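No lab work stands behind these numbers, since they all come straight from the coordinates. In this text the structure is predicted, and so the values were computed from the model without any measurement. Backbone-built Cβ (ideal geometry, glycine too); neighbour counts: all protein chains shown.
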């Protein structure tokens with residue numbers, strides 16, 4: 001959902017830019033802007049080159065633009081947390097420029113990401129900075145409209161309407177800007193239960209939308225206005241029907257709105273079908289088929305042909321029904337291919353993001369090593385100068401030298417801890433992606449969509465928590481409940497599970513991803529190979545001064561699991577469990593903790609002994 005668009009450059013224009021002496025970084029940025037819509041993962045790789053370019057004079061302007069474009073890519077795939085992080089990195093980089101600061105468009109971007117995160121105050125502050133610093137009319141208008149949107153989301157309808165009136169009276173608006181203003185005005189009227197005014201503004205919004213591609217945010221505003229207007233008519237189905245018909249009439253001439261026209265026609269058809277008005281329902285199905293064009297999505301086409309097939313089948317029109325069935329099959333295959341492409345692209349984006357984060361950490365480590373090395377060299381120079389001083393001077397020197405060594409050791413331990421925590425992400429994410437690929441391989445689109453939706457929530461939590469040394473126990477429990485739900489979704493015929501928690505202190509902080517590797521190990525190495533339905537129990541309680549976490553399964557056990565592995569698998573060491581052991585040891589040392597982890601057989605059965613993992617965390621540490 002992008003408010004602003006840099007646009008795509010044609011090949012001829014790119015060649016012209018090169019002929020004007022464009023620098024390598026500028027060319028990489030230009031290429032990334034060109035491909036960010038169709039190939040965002042490739043664009044990220046180009047931006048990585050700009051960000052981590054090694055030169056004597058850092059190109060902060062290009063690096064800031066690269067972070068800004070990265071944020072725009074993450075915002076377009078609805079990852080506002082990641083987008084905001086990149087925008088903040090862009091702001092920090094731009095501030096290193098001596099003669100200029102961050103461009104106004106950066107504050108517009110930040111504001112939109114903050115609105116997606118429902119941080120209204122910060123969003124308003126950034127829109128205000130954009131308005132004050134922008135010298136471009138279009139950008140200023142968008143930020144002024146953003147202030148109206150903030151007031152709308154806060155429920156300050158009168159203030160929002162006044163701001164929209166100000167925008168319309170003080171700026172020469174183009175058709176897209178008028179469409180956005182009218183959509184926002186319609187939403188305000190809907191919230192005030194002023195249905196006639198809301199309808200009028202809504203229809204004006206559609207009519208002013210030009211026959212060229214607008215930003216996703218514009219279409220989103222239009223859709224919100226429609227849904228809120230329909231909600232006002234929830235108890236009046238005939239008036240809802242009239243709104244949908246008027247929506248079709250207003251949008252029918254705009255080629256960019258074919259999906260909206262089709263969706264509304266299908267809704268109207270369903271209403272008539274529910275009232276047993278079969279001919280009218282069939283008529284709107286036919287209108288949906290006529291509205292299909294090159295801009296229509298595969299999913300929308302599939303839905304049209306499916307309903308047309310059902311109507312023709314019920315009417316006994318076998319030839320027409322078979323033709324619809326064939327078109328439906330093609331559309332579903334096209335939609336599945338689109339979903340697979342989107343999944344591959346998202347996987348590549350995640351990989352590239354991991355590369356950027358890991359490279360950034362390596363650079364931070366190198367910078368700290370250089371600082372420590374410079375500090376040691378300085379100490380050596382001081383040592384050479386103090387050779388002639390008294391014993392007291394020598395003792396003072398050795399005192400500070402010892403202090404520096406301890407500081408370096410602690411810094412290295414912290415960096416190692418962060419490195420181990422970062423390594424958990426690709427291991428965890430790409431194991432989970434196997435489940436998505438499994439559903440796609442089976443052509444189970446519904447399961448794939450459901451799994452992918454839940455997985456995106458899980459991925460967002462994992463990426464967010466990977467930046468922290470500690471998270472609340474409640475956050476860790478939510479992450480593991482979601483992970484276990486997804487694993488059970490795939491292996492539902494292999495095991496059932498219980499997740500019990502009795503927490504009096506959910507705000508207790510623990511390391512992220514502490515529990516998940518043991519749950520994953522129980523499912524993949526214990527329960528998966530068990531004959532019959534297995535059982536997994538996760539119990540979390542805080543009693544007797546300790547947080548006690550028990551993960552128990554009745555799988556084949558550790559010894560039998562090892563026998564099940566192939567020769568190559570036996571050579572492989574569990575990344576998740578090894579990292580947990582090392583992380584816990586480092587955390588106990590660095591933060592003076594006393595975490596305990598015990599892994600043993602759950603029973604004495606030789607065939608299915610199961611596994612019991614007990615994690616013990618003192619509550620007073």
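Taking only the alpha carbons of the range 121-174, what extent do you get along each of the three principal axes, in Å, biggest first?
29, 24, 14
When 607, 296 are ordered from fewest to most other Cβ atoms inside 10 Å of their Cβ, what list results? Walk me through the numbers on the way to the answer.
Details: 607 9, 296 18.
Lowest to highest Cβ neighbour count: 607, 296.
State, in angstrom, two size descriptors of the range 462-522 derived from its alpha carbons: Rg to one decimal place and Dmax to the nearest whole number.
Gyration radius and largest Cα-Cα distance of the range 462-522: 12.4, 36 Å.
Kindly give the semi-axes, whole Å and largest first, of the ellipsoid equivalent to the range 210-319, taking each as the square root of 5 times a Cα gyration tensor eigenvalue. Before the final figure, lay out each step's value.
Numbers: eigenvalues 119, 73, 20 Å².
Semi-axes (√(5λ), whole Å): 24, 19, 10.
Quick check: convex hull over the Cα atoms of the range 468-621, volume per residue in Å³, rounded to an integer?
Working: hull volume 17.8 nm³, N = 154.
Output value, Cα hull per residue: 116 Å³.
Based on alpha-carbon atoms only, what is the radius of gyration of the range 43-138 relative to the globular estimate 2.2 N^0.38 Å?
Details: Rg = 13.5 Å, N = 96, 2.2 N^0.38 = 12.5 Å.
Cα Rg divided by the expected 2.2 N^0.38 Å: 1.08.
Find the eigenvalues of the gyration tensor of the Cα atoms of the range 472-561, then list the square roots of 5 times those eigenvalues as equivalent ellipsoid semi-axes, largest first, in whole angstrom. Kindly include the intermediate steps, with their values, before the conclusion.
On the way: eigenvalues 124, 35, 24 Å².
They are 25, 13, 11 Å, listed largest first.
Which log10 I(q)/I(0) values does the range 226-290 give at q = 0.14, 0.15, 0.17, 0.26 Å⁻¹ under the Debye formula, counting every alpha carbon as one identical point scatterer?
Reported log10 I(q)/I(0), two decimals: -0.38, -0.44, -0.56, -1.15.
Limiting things to C-alpha atoms, what are the Rg and the maximum Cα-Cα separation (Dmax) for the range 36-96, in angstroms?
Considering the range 36-96 through its Cα atoms, Rg and Dmax are 11.5, 36 Å.
Quick one: the Cα spread of the range 120-220 along its three principal axes, in angstroms, biggest first?
Ordered largest first, the range 120-220 gives principal extents of 38, 32, 25 Å.
Using Cβ contacts closer than 10 Å as the measure, can you line up 309, 491 from fewest to most?
Values: 309 21, 491 16.
Lowest to highest Cβ neighbour count: 491, 309.
Could you please rank 42, 226, 294, placing first whichever residue has the fewest other Cβ atoms within 10 Å of its Cβ? Don't skip to the answer; put the middle values down first.
Details: 42 16, 226 24, 294 6.
Listing 42, 226, 294 from fewest to most nearby Cβ atoms yields 294, 42, 226.
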